[in-house]
1. For F106, enumerate residues with amide H under 5 Å from its amide H, sequence gap 5+ or separate chain, H modeled in the peptide plane.
2. Which value in nm describes the separation of the simple spin-label points at T201 and K56, placed 7 Å from the Cα toward the beta carbon?
3. Carbon and sulfur atoms: what percent of the 1.4 Å accessible area of the stretch 71-183 do they account for?
4. Would you work out which of V119, L155, T201 lies farthest towards the positive end of the dipole of the stretch 61-205, given +1 charges on the beta-carbon of Lys and Arg and -1 on that of Asp and Glu, about the Cα centre?
5. Taking θ = phi - 60°, what integer Hz values does the Karplus form 6.51 cos²θ - 1.76 cosθ + 1.60 yield along the stretch 100-116, in sequence order, with x for Gly and Pro?
6. For R95 and R184 in one chain, what is 0.36 nm times their gap in residues minus the Cα-Cα distance, to one decimal in nm?
7. In whole Hz, with x marking every Gly and Pro, tabulate ³J(HN,Hα) for the stretch 59-65 from phi via Karplus 6.51 cos²θ - 1.76 cosθ + 1.60, θ = phi - 60°.
8. In whole Hz, what ³J(HN,Hα) sequence does the stretch 169-183 give by Karplus (6.51, -1.76, 1.60; θ = phi - 60°), x for Gly and Pro?
Amino acid sequence: MRFDNDDGRCHSAQQQYISSSSSYEQLSSSRLPKFQTAYADIEDRKRRILTFDIEKIDSCHINLTIEDCVCIVGNREYTNVIFMRLCVRALMSKRQGGFESTNVIFIDAGNNSDVYQCVNFARQYGLDIKKVLQSILVTRAFTIYQLADLLINGLPRVIQRFDVKVIMIADLLNLFTNDPNIDRNEAISLIKEIIDSIRKTLDNILVMVSFQQQHNDRHHHKPYAYHKILLPRFDKCIEITNNNSKINLLDVKIYNNNYSKKNCNRSLLLEETDLQIVSAST
């Protein structure tokens, strides 16, 4: 469930689920090119909307599109579930609320992705589990500079090889907030460079980034400072936290930075199970 940074090879989620040692060659096979008019391409992009299949969130019309750069902030458990859910939905047809992306690139900066969540969602949707896992290309970065090189230099090369409409970067700040040796100013500069590079080079691709909501303390180089830098750079943000008064309830806040109107920012309550269970009508 990775692609290697040094040689650009890609590995699918199926390998981690079945055998991490087996090589994966199927996705590198040649495909026949698809042709369409420029007008049809524009219309196709306008119609391509990725939904969460969570009624309360989708009713807010957040509308994740192929032109968006989106972040999800919150407890790692919840952001991981959301990402695995959206990985599967990105591979589904537009009729089902998906993106019809042939592949999804998943960059695991926190080294904690859970392939079994993908299996769970694929099974609930009645999809071919093997095909879903083969279509999720995942890499893990283990140092800050490896991550930066991957996101700034590696992604454009990989995108040229695969039909990708969605890229997910999980737990982006993990390496920065847990490295006691990195200089804070250097970290902030590198984070800015990463986000700016993603926005400039990844055209016509939905980019989703997650990071944990952490409190200030002396061990974590002021994560709130990172949040202050990051949040305004995204088109849309979703924040998921535990409700302070009721167990098993989640507070969800949705921010749309593309619009200045206050009513574009929404707050709602979700059951924890809403993240795990798909709609019966899908």
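1. Distant-sequence amide H within range of F106: L137, V138, T139, M168.
2. 3.9 nm
3. Carbon plus sulfur share of accessible area: 45 percent.
4. V119
5. Going residue by residue, I get 6, 7, 5, 9, 10, 9, 10, 9, 9, 7, x, 6, 9, 5, 10, 5, 5 Hz, with x marking Gly and Pro.
6. Once the chain is fully extended between R95 and R184, it gains 27.5 nm.
7. Couplings: 5, 7, 6, 5, 6, 6, 10 Hz.
8. Result, rounded to whole Hz: 10, 8, 6, 4, 7, 3, 5, 6, 7, 10, 9, x, 9, 6, 6.
The values are calculated or read from the model by the stated rules, or taken from the named source; none is laboratory data. In this text the structure is predicted, and so the values were computed from the model without any measurement. Here the Cβ is made from the backbone with ideal geometry for all residues, glycine too, and neighbour counts use every protein chain on show. Please note that ligands, DNA and RNA were not included when accessible areas were found on the heavy atoms of the full protein model with its side chains. Shrake-Rupley method; radii C 1.70, N 1.55, O 1.52, S 1.80 Å.
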